[in-house]
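Structure, as structure tokens:
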Amino acid sequence: MKRHFTEEHKRKLSEAAKRRKPSFLGKHHSLETRAKLKLSHLGKKRQPHTKETRRKMSEIRKGIKFSSEHIQKLRDSHLGIKMSDQAKNKLSKHFRNAHKGKKNPMYNRRGSLSPKWKGGLTAKHLIVRGSLEYRLWREAVFKRDSYTCIKCGDNRGGNLEADHIKPFSLYPELRFAIDNGRTLCHSCHQQTDTYGYRVYHYAIC
């Protein structure tokens, strides 16, 4: 028969437990006992928690905030602790295998299969700029201009940008027209009339 305690009785039990000191406080197992415990656990695999158990554990932890004093104690307890080379190797091997090919839980989970999927919220202009057609247009513009800024002659690869003469956002039909592109270095690109938010002023004019 299941016993049901009143809220008052539960409160009294809780207060009594808080006043009581743990019987194991300050005590340590002997080396012999430790060896016996180790042998008793050898070969045994811990059963993983069920989804329901994990959910309950998550709910219990929600809203818990540690005090600054407790956080400092946790920090002090870990200071100076160094992992052995054996432990480092084990961790390294574990993570190396976990993220390798099909063993990775995120393997082939793209698009709607990804846990980070938010229903296709990527902006349309980002989809276009990340497309193969856009990359081919960009390379064609660079190649035509011999990978050189048409204004200052800068030819540093990482500093070059493909600029739309007629703005990307205002003329969607000219986005992949090579004649509408030009090679500029970053500083020359910033000085154009359509760079960044200046495109809105360009549209009004």
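Each value in this text was obtained by applying a stated rule to the coordinates, not by laboratory testing. For clarity, every value in this text was computed on a predicted model and none was experimentally measured. Cβ placement follows ideal geometry from the backbone for every residue including glycine, while neighbour counts extend to all protein chains displayed.
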If one compares the long axis through the Cα atoms of helix 68-78 with the longest principal axis of the Cα atoms of the chain, the angle in degrees, nearest 10, works out at 90 degrees
Between the Cα axis of helix 7-19 and the main Cα principal axis of the chain, the angle (0 to 90°, nearest 10) is 80 degrees
Computed over the Cα atoms of the range 148-205, the Rg and Dmax in Å are 11.7, 34
If R0 = 41 Å, then His94 and Arg11, at their Cβ-Cβ distance, give a FRET efficiency to the nearest 0.05 of 0.35
Expressed in nanometres to one decimal, the distance between label points 7 Å along Cα→Cβ at Ser68 and Ser30 is 4.7 nm
Between the Cα axis of helix 51-61 and the main Cα principal axis of the chain, the angle (0 to 90°, nearest 10) is 90 degrees
Simple spin-label estimate for Thr148/Arg198, 7 Å along Cα→Cβ, in nm, reads 2.4 nm
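Eigenvalues of the Cα gyration tensor times 5, then square-rooted: what semi-axes does that give for the chain, in whole angstrom, largest first? Write out the running numbers ahead of the final one.
Details: eigenvalues 789, 135, 88 Å².
Ellipsoid half-lengths, sorted descending, are 63, 26, 21 Å.
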By the mean-Cβ-within-10 Å protection proxy, highest first, 109-115, 166-172, 183-189 rank as 183-189, 166-172, 109-115
For 82-93, 124-135, 43-54, ranked highest to lowest by mean beta-carbon neighbours within 10 Å, the order is 124-135, 82-93, 43-54
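Taking only DSSP H segments of four or more residues, each worth -39500 (n - 2.57), what value at 222 nm results for the chain once the sum is divided by all its residues, to the nearest 500 deg cm²/dmol? If you can, show how the numbers build up before the last one.
Numbers: 9 runs with 91 residues, N = 205.
The per-residue figure over the chain is -13000 deg cm²/dmol.
Give, rounded to the nearest 20 debye, the magnitude of the charge dipole that the range 148-205 has about its Cα centre when Lys and Arg contribute +1 at Cβ and Asp and Glu contribute -1 at Cβ. Working shown, then result.
Details: 6 positive and 6 negative charges, 12 e Å.
It works out to roughly 60 debye.
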With a Förster distance of 22 angstrom and the Cβ-Cβ distance between Arg109 and Ser169, calculated FRET efficiency to the nearest 0.05 equals 0.10
